[in-house]
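What follows is calculated from the coordinates using simple rules that are stated; it is not laboratory data. Small disclaimer: the values here were computed from a predicted structure and weren't measured. Note that we place each Cβ from the backbone using ideal geometry, even for glycine, and neighbour counts take in every protein chain shown.
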Amino acid sequence: MKPLLLIPPIYKKIVVKVGTNVITGKNGTLDLEILNSLTTQIAQLQKKGIQVILVSSGAVGAGRSIIKPSGTLTPVAARQILASTGQIKLISTYDELFHRHGLITAQILVTKSDFRDRQHYLNMQTCFTALLQQNIIPVVNENDAVSVTELMFTDNDELSGLIASMMDVEGYIILSHVDGLFDLKTGDGSIIPEIDPSTKHFHQYIHPGKSEFGRGGMLTKCHIAQKLSRLGITVHIANGRTPEILLSILGGEKTGTKFLPQKSTHGPKRWIANSQGLEKGAVTINKGAEAALVSDETANSLLPVGIESVEGIFRKGDIIKICSTEGLAIGYGMAQYSSEKTLVIKGQKGHKPLIHYDYLYITQ
Ligand code: GLU
């Protein structure tokens with residue numbers, strides 16, 4: 001084992017996401033060797049004072065090693081059975097492995113709707129903060145047994161991204177079964193060490209195999225990594241099977257692909273930035289308001305005078321989507337009026353903003 005971090009670690013608080021393909025072998029059997037290595041590394045980091053939140057997939061995979069759901073079940077029911085049986089195996093394995101290092105494990109199962117309501121979100125944040133303060137390792141997964149299909153996370157990369165942003169971590173490490181983003185231009189298997197936050201068109205770095213474009217594929221990872229890097233979080237994509245990978249990353253070694261962070265954003269803006277798909281309503285704004293909001297020069301709030309139409313039913317404090325007259329999403333924000341009140345004052349001057357700048361996140 002590496003003499004841990006003789007140099008100061010580069011982050012103090014991190015989220016580590018481990019994919020199913022890192023920790024399970026054939027038929028979903030948990031790979032104890034890898035799990036032992038990862039938990040040992042996390043324990044070492046923890047003992048150096050680094051706070052680690054672990055997001056682990058593998059419940060559905062582990063379920064497959066326990067039970068074969070009847071063929072008459074719907075795919076949703078079969079997944080629920082696999083997830084709820086497999087999660088016990090997964091978490092008890094983590095519990096046992098962390099226990100060997102004198103650490104306590106906490107299980108947190110979440111659904112996407114847990115991120116919808118600000119109060120609920122702050123509640124979750126309090127729970128994570130308390131666990132970390134007590135040196136307990138939170139092990140998180142989606143609550144697949146009760147998640148509704150329409151409101152599921154795209155995958156655990158998305159879930160971990162929301163937690164990374166909620167917990168204001170400095171680093172988010174995605175451990176997958178590949179070494180990072182390949183440089184397809186050279187074609188010699190070399191990895192792109194760094195990605196700038198302004199990078200667009202990730203297709204150029206991704207092998208055209210279909211699995212990379214679907215759930216849990218490299219394209220989603222890239223989009224999430226980029227979103228977080230724009231919020232000020234450094235994201236690493238690396239191979240979870242590489243020995244001592246976490247220690248190498250925290251020690252500042254160049255390994256895998258690193259998404260460089262942009263200026264940091266905090267508090268409500270981070271929550272709002274991750275609210276895509278969770279909005280309760282939408283407003284369409286006119287061209288003048290659009291130009292003001294997307295301007296890099298000044299920080300502008302969204303005033304009722306710029307609103308053309310209102311959709312859905314929302315209350316003060318709800319997240320709403322802001323659309324251009326062409327119907328494209330420009331951003332998200334927290335409404336300061338209900339939809340009813342907005343309908344009355346839309347197009348009028350002299351009212352306070354519908355969305356204040358501090359509660360506004362522009363996606364364009
Ligand atoms: N929650 C799923 C599981 O534990 C995995 C989802 C994912 O890997 O993205 O099996």
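Side notes on the structure shown:
- By the Cα gyration tensor, the stretch 231-343 has an equivalent ellipsoid whose semi-axes, rounded to whole angstrom, run 38, 15, 12 from largest to smallest.
- Cα-based shape type of the stretch 29-155, given that a ≥ b ≥ c are square roots of the gyration tensor eigenvalues and the cut on a/c is 1.5: oblate
- With θ taken as phi - 60° and the Karplus curve 6.51 cos²θ - 1.76 cosθ + 1.60 applied, the whole-hertz 3J(HN,Hα) list for the stretch 124-132 is 5, 4, 4, 5, 4, 4, 5, 4, 5 Hz, x standing for glycine and proline.
- For the stretch 298-337, trypsin sites (Lys or Arg not before Pro) are listed when DSSP marks them as loop and at most 14 other Cβ atoms sit within 10 Å of their Cβ; the list is Arg315, Lys316.
- Only the Cβ atoms of Lys and Arg (+1) and of Asp and Glu (-1) were treated as charged; on that basis the dipole of the chain about its Cα centre amounts to roughly 380 debye.
- Listing His236, His223 from fewest to most neighbouring C-beta atoms within 10 Å gives His223, His236.
- Computed from the Cβ-Cβ distance with R0 of 45 Å, the FRET efficiency linking Ala77 to Lys352 stands at 0.35.
- Length available on full extension from Val344 to Thr186: 0.36 nm per residue minus the Cα-Cα distance, which gives 51.0 nm.
- Listed from fewest to most Cβ neighbours within 10 Å, the set Glu194, Glu308, Glu244, Glu290 follows the order Glu194, Glu308, Glu244, Glu290.
- Note that the stretch 9-21 has calculated 3J(HN,Hα) couplings of x, 7, 10, 9, 9, 9, 10, 10, 10, 10, x, 3, 5 Hz, one per residue in order, obtained from phi through the Karplus relation 6.51 cos²θ - 1.76 cosθ + 1.60 (θ = phi - 60°); glycine and proline are x.
- Cross-link pairs beyond the 31 Å C-alpha cut-off, checked among Lys26/Lys221; Lys254/Lys321; Lys112/Lys341; Lys12/Lys280; Lys68/Lys200; Lys17/Lys47: Lys254/Lys321; Lys12/Lys280; Lys68/Lys200
- Computed E for Gln276/Ala299 - FRET, C-beta separation, R0 22 angstrom, nearest 0.05: 0.55
- For the chain, built as a Gaussian network whose Cα springs stay under 10 Å, the top-fluctuating residue of Ile34, Ile137, Ile42: Ile34
- Within straight-line cross-link reach of Lys287, aspartates and glutamates at Cα separation under 20 Å, skipping those fewer than 8 residues along the same chain: Asp296, Glu297, Glu308, Glu311, Glu326
- Long-range HN-HN contacts of Asn143 with modeled amide H, under 5 Å: Val110, Thr111
- Per-selection Rg to Rh, the stretch 322-364 - Cα, Kirkwood hydrodynamic radius: 0.97
- Cβ-based exposure ranking for Ser275, Ser113, Ser65, in which fewest neighbours within 10 Å come first: Ser113, Ser65, Ser275
- Size of the chain from its Cα atoms: along the principal axes, largest to smallest, the extents are 65, 49, 44 Å.
- Under 5 Å, built H, 5+ apart or other chain: amide partners of Ile233: Gln262
- Added length on full extension, which subtracts the Cα-Cα distance from 0.36 nm per residue, Ile313 to Leu32: 96.2 nm
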